[in-house]
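Notes follow the structure.
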Amino acid sequence: MRLVTGQGYWSPLVWLALAAGVAFFGWLFWRLGRRTYKAGTDQDAPFLSGEAAPERAHVGGQHLYWGFLQGLRPTLEALRVFHSGFLGDYVTWTVVVVAVALLVVMLT
Amino acid sequence: MIGNLPFVVCMILIGLGLWTLLSRRNLIKLAIGITLIECGVNLFLVTLGYVERGVAPIYTYTQPGVTMVLPTPQALTLTSIVIGMATTALMLAFAVVIYRHRGTLDARKIRELKG
Amino acid sequence: MSVVVRTVARIILPLVLIFGAYVIMHGHLTPGGGFQGGAVAASVVALLVITFGSQRWKRIKGSLSFLEDLGAVAFVALGFLGIGYTFFRNVLAGTGGLFGAPVPFGPNPGWLNTGGTLPLMNWAVGLKVIAGLGAVVLMLGLFGGGDDW
Amino acid sequence: MNIGIHLPILAIAVPLLGAFALPIFAKVHKRLRDMWAAAVGAFTCAMVIALAIQVLSTGVVVYTLGAASPTQAVTQGGFPIRIVLTVDGMSAFMGLISALVGLASLIYAFQFLKEDQGKTLAMTLFFLLWAGMLGMEYTGDMFNFFVFLEVTSIAACALIGYRTWESRPAEAAFKTMALYTLGGLLVLLAVAILYGQYGALNIAYLSSRIRGSQLDKIALGLLLGGLLMKAGAVPAHMWAPDAYGEAPAQAAMVLVANTQASLYGLWRVLFTLFGGALAAPAVGWLVVSLGTLTLLVAVLMAILQRDLGRLIAYGAVSQIGYMLLGVGVGLVALASRPDFGLVAMQGGIFHMLNDAATVGLLMLAAGVVRRATGTKDLTALGGLGHDLKWTGGFFFLGALALAGVPPFNGFASKLLIYESSFRLSPLLTAIGVLGSILLLAVFARAFQGVFLGPRLRAAQSPPVGMLVAMGLLAAVILAMGLAPGFFVEHLVTPAARALWEGRDLYLAAVLGG
């Protein structure tokens, strides 16, 4: 089971035991909570920022990292332009890779 | 020097093919560019097997004492030609399908998949 | 296409087929073989498509792809024939049976009945290439949509 | 007939025969075709597994085609005259990957493909692709390697584009075909240069003669360029998201395995063919830098995607970066620092197996989503977890494993890569960890967007066969995650050693003495 990495080892069983312990304490804290929750009442209704949310609210996948993407916008825009979808660009970059490989091999 | 001329021709063919791929936009012309590169490589293979004043490598026809050219590069070239035929046919078929859907063969306009 | 083209096509069609068959059949003796002969013979399909239009030959597409599969299966099966020794072993050569005559030493005009499994493989490949290349040409003609031009 | 000595060729020839006989059986009856496909698939997997056991227990297996016996000497007067198949530990390992992926794809395909949408054609092409992949991995001859490379190229591109009633697959197929052909021609040119110098094509013979002349170096550069392109290294990776994203699910995962077969070719060229005369550190640094670039760029692009298929495709490309990083570190360390080089190789090679299983699982799950809803657009999907419980679970498992969350298999292999690359340069490890974190973010987003949330529409749950295929991969992932030591010791280490120090054994097995 043990995976020796050269500087130590990694055993998923140890990790599993750890995870089981954490889960146990989590369950313990959950048990200690108040039992006043009732399904099907107002407690069940979804809220977004304190306002009642529409019934079918779903944060789509593309909105999840809005701030993060905003911060990286210049880089990501450059990358998006880089992937232009034009076959000539694909071929150009392949030729560049071949040229770099040839240069590296020839110069050493 | 003059003996290297065929190799120079091969390299020119390969270069022409690459130039076609890099500068043209019509899908059919791109397929032609690929074919040009392939011709260059095939010519290179055949040239490798040539022996000065060699004859065709047919064992039963040759008189003793005559040099034959190497048969292996010719077999390799033939295999490569067969493969090239298949790839060219496939690329042309895809070009036809693209034309039917988009009504154009301009590679700059066929960029639905990007980003 | 015009009457001249149609007439000439009718005349040279059997000649092209015969030449293709010759190239396939003598593949183990002279330059040539399954692919080259198959390509020559498949040019018949191109001739037919150009001369008479592709719509007319639509119904032979199914049988062409069937023949192509048959040729490929025959080729791999011939490879399996030698599995008693190794794959692709030429077990028929020199056994005296079909294509099994021993090759005489020295210059000779070339005997057709030699070569073992090679001629059979040439025929398998030839069948595959005739049918496959023919199907490709026919399909490209059908794709284009234009019939007579 | 003693089947034990014919294992390498049977593993290649049987799928080939299966591919060509499939349409003939389909003409007779559709059920007969399915039975034939199942039989061929099972037989091929059995052959590959038996061959792997044989190789791991007895060493390099050489099969001489057309000889009087498979073990007949390849050389005559010191010169190789026949075509050989050579299977060492690395080849056997790659064969196992191909067999696993092929089997899962085949099981999935039976119920995923529709009869009126070219099911027979797709299965034929799948078997061709499978035979080509196994051929690339088992061959001991440079020209045969090129031929099988082209067989996989043609079959793969036909699989990408066989849905001609849509416009996007044709576009992806044309682009991929153009680049694959270009890469294949570069490889052929390199093979021709090598042949021109040494007059032979046998890998072992070439390896024993190569001394590192200028022409050798040109050949190495061309081989590197062509194979890196086929493996999908940035910046020549752009065909990969198009192809993976547009291919049908059962084909996309085989395409990933095909990419890895190209990577295998790269390792074979670097370690065995040029193992004796290579300026290792420089080429190693090239591979390492392309690897880090690949994993970073691909992950950043994955964040931007709105199409589930392309998102997973960029994830798959980023994993190629980890393999390049791992084996590249091994290549840098080959001459001077043997203490951590082997660990890096183990990590990189173990990651190939992990990547095949996890990316395959994700792609199959995406195929189920597309089949149920008709779209892969993340903006239109949501709440599928209500109906597709098993698929959602499998997707979750695959996403965690791919992102390298412990205790799954992705973590084990990435740990090996991190620990060894840290010894070379801590910066590499930092980039690798950053890539993993971003990948987790990407797949958390994809899982949340597709499977969580209120039920937007009803989705039909997939048939049992597709679930079985995904369950097979999930079981492999769990097993590799919970017992990484076992897999590394018995499968990965022999493969890594075959590249790392097995060149002499390889040469001796083929050339004798």
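Please treat every number below as a calculation from the coordinates, not as lab data. Remember, it's a predicted structure, so these values are computed and weren't measured experimentally. Here Cβ is always computed from backbone atoms with ideal geometry, including for glycine, and neighbour counts include all displayed protein chains.
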query = Can you pull out the trypsin sites (Lys or Arg not before Pro) in region D:402-506 that DSSP calls coil and that have at most 10 other Cβ atoms within 10 Å?
reply = none
message = I need the P(r) histogram for the protein assembly as shown: all alpha carbon pairs, bin width 10 Å from 0 out to the longest distance, whole percents.
response = 2, 12, 22, 26, 20, 11, 5, 2, 1, 0, 0
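Report the net charge of residues surrounding D:Tyr314, where surrounding means a beta-carbon distance below 14 angstrom and charges are Lys +1, Arg +1, Asp -1, Glu -1. Numbers along the way, then the final one.
Details: positive: A:Arg80, B:Lys114, D:Arg306, D:Arg310, D:Lys376, D:Arg445; negative: D:Asp242, D:Glu246, D:Asp307, D:Asp355.
Residues close to D:Tyr314 contribute a combined charge of +2.
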inquiry  = Compute the distance from the alpha-carbon center of region D:191-262 to that of region C:85-149, in whole Å.
reply    = 31 Å
task = Measure off 7 Å from each Cα along the Cα-to-Cβ vector at D:Tyr198 and D:Ala73, then give the distance between these two points in nanometres to one decimal.
result = 1.9 nm
Cβ-placed point charges (K, R +1; D, E -1), dipole of chain A about Cα centre in debye, nearest 20 = 500 debye
ask   = What shape does chain A take by its C-alpha gyration tensor, where a ≥ b ≥ c are the square roots of the eigenvalues and a/c under 1.5 counts as rounded, a/b above b/c as prolate, and the rest as oblate?
value = oblate
request  = Using +1 at the Cβ of each Lys and Arg and -1 at the Cβ of each Asp and Glu in chain B, identify which of B:Thr20, B:Gly115, B:Val69 lies farthest towards the dipole's positive end.
outcome  = B:Gly115
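I need C:His26, D:His6, D:His29 ordered by Cβ neighbour count within 10 Å, fewest first.
Working: C:His26 17, D:His6 20, D:His29 10.
So the ranking, lowest neighbour count to highest, is D:His29, C:His26, D:His6.
Name the helices (complete DSSP H segments) of chain B with a Cα length along the long axis of 27 Å or more and a Kyte-Doolittle mean of at least -0.5, or state none.
Values: long enough: B:27-48 (32 Å, 1.96); B:71-102 (46 Å, 1.00).
Span-like helices in chain B: B:27-48, B:71-102.
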query = Measuring from a point 7 Å past the Cα of D:Ala38 along Cα-to-C-beta, which residues in region D:447-481 have an amide N at less than 20 Å?
reply = D:462-473
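What is the mean projected area of the alpha carbon convex hull for region C:3-144, to one decimal in square nanometres? Walk me through the intermediate numbers first.
Details: hull surface 40.6 nm².
With every direction weighted equally, the projected area is 10.1 nm².
Please give the net charge around D:Leu220, taking every other residue with its beta carbon less than 13 angstrom from that of D:Leu220, where Lys and Arg add +1 and Asp and Glu add -1.
Numbers: positive: D:Arg211, D:Lys217, D:Arg268; negative: D:Asp216.
Within the 13 Å Cβ shell, the charges total +2.
Rounded to the nearest 0.05, what FRET efficiency do B:Lys114 and B:Ile2 have when you use their Cβ-Cβ distance and R0 = 45 Å? If you can, show how the numbers build up before the last one.
Numbers: r = 49 Å, r/R0 = 1.08.
E(calc), rounded to 0.05, equals 0.40.
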query = Can you list the aspartates and glutamates whose alpha carbon is less than 12 Å from that of D:Lys414, not counting same-chain residues fewer than 8 positions off?
reply = D:Asp355
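If I take R0 = 30 Å and measure r between the Cβ atoms of C:Leu98 and D:Ala50 in this structure, what FRET efficiency does the formula 1/(1 + (r/R0)^6) give, to the nearest 0.05?
Details: r = 35 Å, r/R0 = 1.16.
Computed FRET efficiency for C:Leu98 and D:Ala50 comes out at 0.30.
Kindly state, to the nearest 0.05, the FRET efficiency for D:Ala458 paired with B:Val66, given R0 = 56 Å and r defined as their beta-carbon distance. Kindly include the intermediate steps, with their values, before the conclusion.
On the way: r = 80 Å, r/R0 = 1.42.
For R0 = 56 Å, the calculated efficiency reads 0.10.
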key: Selected from C:Val45, C:Trp111, C:Val73, residue furthest toward positive end of dipole (chain C; charges at beta carbon)   = C:Val45
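How big is the dipole moment of region C:3-144 about its Cα centre under a simple scheme where the beta carbon of each Lys and Arg is +1, that of each Asp and Glu is -1, and everything else is neutral? Debye, nearest 20, please. Walk me through the numbers before you get to the answer.
Numbers: 8 positive and 2 negative charges, 95 e Å.
For this selection, approximately 460 debye.
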note = For the protein assembly as shown, the charge dipole (Cβ of Lys, Arg +1; Cβ of Asp, Glu -1; about the Cα centre) points to a positive end, and the Cα of D:Gly291, D:Thr75, D:Trp390 closest to that extreme belongs to D:Trp390
Point-charge dipole on Cβ atoms (K/R +1, D/E -1) for the protein assembly as shown, about Cα centre, debye to 20 = 1260 debye
ask   = How big is the convex hull of the Cα atoms of chain D, per residue, in Å³?
value = 130 Å³
request  = Would you look at the GNM of chain A, springs on alpha carbons closer than 10 Å, and say which of A:Ala17, A:Ala78, A:Ala39 moves the most?
outcome  = A:Ala17
key: Principal-axis tilt of helix C:117-144 within chain C, Cα atoms, nearest 10 degrees   = 20 degrees
task = Please list, in chain and number order, the residues 5+ apart from D:Asp141 or on another chain whose amide H is under 5 Å from its amide H, with Hs placed from the backbone.
result = D:Ile203
request  = Report, to the nearest 10°, how far helix D:249-267 tilts away from the longest principal axis of the Cα atoms in chain D, using its own Cα long axis and a range of 0 to 90°.
outcome  = 20 degrees
request  = Straight distance only, please: which aspartates and glutamates reach the Cα of D:Lys376 with their own Cα at less than 18 Å, same-chain residues fewer than 8 apart left out?
outcome  = B:Glu112, D:Glu166, D:Glu171, D:Asp242, D:Glu246, D:Asp307, D:Asp387
note = Flagged as over-length at 26 Å C-alpha distance, from C:Lys128/D:Lys30; C:Lys61/D:Lys230; B:Lys109/C:Lys58; B:Lys29/B:Lys114; C:Lys58/D:Lys30, the pairs are C:Lys61/D:Lys230; B:Lys109/C:Lys58
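Can you give the Rg to Rh ratio of region D:279-482, both from alpha-carbon atoms, with Rh computed by the Kirkwood formula? Before the final figure, lay out the partial values.
Details: Rg = 17.7 Å, Rh = 17.2 Å.
Taking Rh as the inverse mean 1/r over Cα pairs, Rg/Rh reads 1.03.
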request  = Give the Cα extents of region B:2-102 along the principal axes, in whole Å, largest first.
outcome  = 62, 31, 13
key: Within region A:91-108, backbone nitrogen closer than 17 Å to the virtual label 7 Å beyond the Cα of B:Ser23 toward Cβ   = A:91-92
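Using the C-alpha atoms of region D:417-462, what convex hull volume per residue, in cubic angstrom, is computed?
Values: hull volume 3.6 nm³, N = 46.
Once divided by residue count, the hull of region D:417-462 is 78 Å³.
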